[in-house]
Every structure is written in C-alpha cells, then in structure tokens.
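The values are calculated or read from the model by the stated rules, or taken from the named source; none is laboratory data. Keep in mind that this is a model prediction, so the values were computed, not measured. We place every Cβ from the backbone using ideal geometry, glycine too, and count neighbours over all the protein chains shown. To get the accessible areas, we keep the full protein, side chains included, count just its heavy atoms, and leave off ligands, DNA and RNA. Shrake-Rupley method; radii C 1.70, N 1.55, O 1.52, S 1.80 Å.
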Amino acid sequence: MVRKTDFYKCLCRRFGGRREAIVFEEYYREPDPVKRKELLDEYCPDEGAEALQDQMRILFDLRYRHNRKGGYDDCFLRSWLDLKLAAGGPGSMMSKKRGTKQVRAAVHQLCLDRMGEFADEILYEEMCHLTMVYISSCLQDSKYIGAFWGLGKISDERQRSRVTVDLDELVQGLSRYPGVEEDIRILKRAIEDTEKRLLE
C-alpha cells in the first residue's frame, strides 16, 4: 500500500522537487474542477515534470466536460455510478452479460484499460480523488441518506457507516465479473485506501 506521504516523496524524486509535490498534493485534494483546472494552467513545471503534468491534463480533459451552466460535468463520476449499478445490490436485475458490458465500458471511460499510457501513480491518485468526491457527495446529499434511513435525522457515524457499506458492496460486486480484475486493480486499491483515510 502506498501512503500519501510516500507518493509525494516519490514525485519529488522523479519529477523535480518539493514544489512539484506541493502543487500535485493541492491538485488531488481540490474537489472543485474549476480550481483544479486553474492549478494545472497556472503551474509551470520544472524540467523533468512536464510528462507528468501532460498526463494529468489529459486525464482532466477526459474526466470533465463543460456543461450549459458554465461549469463541468464529471464523466468519471457518471462511470462510477455505472459501476455501482453493475455491482448490484438489493433488487438488482442486471444480467451478468449486460453487467460485464457495462463494467468494461465504465473501465474504458475511467482510462483503467489504458495503464500503459499513464503512470500507475497518476491513475491511482485520480481514482482516490474520484472516491473522495463520491464519499463527500454521499455524506452531503440528503437524498442519498434518505434513501436508506428515511426522512429522520441520523448521526454522522451512521452516515459514514452506510457509505462504508456502499463502497464495500461496490468492490465485492465488481469481483463477480470475469476478466476485469486486472483492469479494476487500481480502482479497488484507491477505494480501499480512501475509505480508510476518510471514513475510519
């Protein structure tokens, strides 16, 4: 398991120095796509860090799409929800054949079948960020909480417990599809690590 501090130390060694690591850490902690874009656009990498920034920029462009309101739609989050549906749960009626097709489409959208084009660290960090966004959305969304607990107010601990169960069901549900284990390897690790960091 790669700890966050180890990852950013690795960035220092591979891509320049401490300044790069600080910028990248801010980028992967920032939930707002507009501010993430600003961090990418305003930052001028030192020699040796350009390739890493190029990969981050490509992933950003693949993940976010401008919407009519002037903001961004998160295409990766949409793919996450497709994976969640395919993983199944109470009342799920999706066949394994249809589910496998949906999982492979989502994996492609998340670039997890293009690991040769991106450094593992970059895909891992982007999946950690995606998991962070999903967790934050669930904890703040009254409709998500209400779907499981009704309209009554519940404690923060019970909310976090529900999200933990939700994430565990996603990881376990995806494992029932043959031939995708290698493609979702980084995503599963990112989910497990981010869950421990934010919910335990």
Accessible area of LEU198 in the full protein assembly, 1.4 Å probe (Å², nearest 10):
50
Give, in nm to one decimal, the length gained when the segment between GLN172 and LYS188 is fully stretched (0.36 nm per residue of separation minus the Cα-Cα distance).
4.8 nm
So if we plug the beta-carbon distance of GLU38 and MET115 into 1/(1 + (r/R0)^6) with R0 = 30 Å, what FRET efficiency do we get, rounded to 0.05?
0.60
How much length is gained on full extension from ASP156 to LYS101, taking 0.36 nm per residue of separation minus their Cα-Cα distance?
16.2 nm
Tabulate in residue order the Karplus-calculated ³J(HN,Hα) for region 128-133, using 6.51 cos²θ - 1.76 cosθ + 1.60 with θ = phi - 60°, rounded to whole Hz; enter x for Gly and Pro.
4, 5, 4, 5, 4, 4
Restraint check, LYS69/LYS97; LYS37/LYS97; LYS35/LYS101; LYS69/LYS188; LYS84/LYS196, Cα-Cα greater than 31 Å:
LYS69/LYS97; LYS37/LYS97; LYS35/LYS101; LYS69/LYS188
Amide H neighbours of TYR64 under 5 Å, at least 5 residues apart or on other chains, H built in the peptide plane: list them.
CYS75
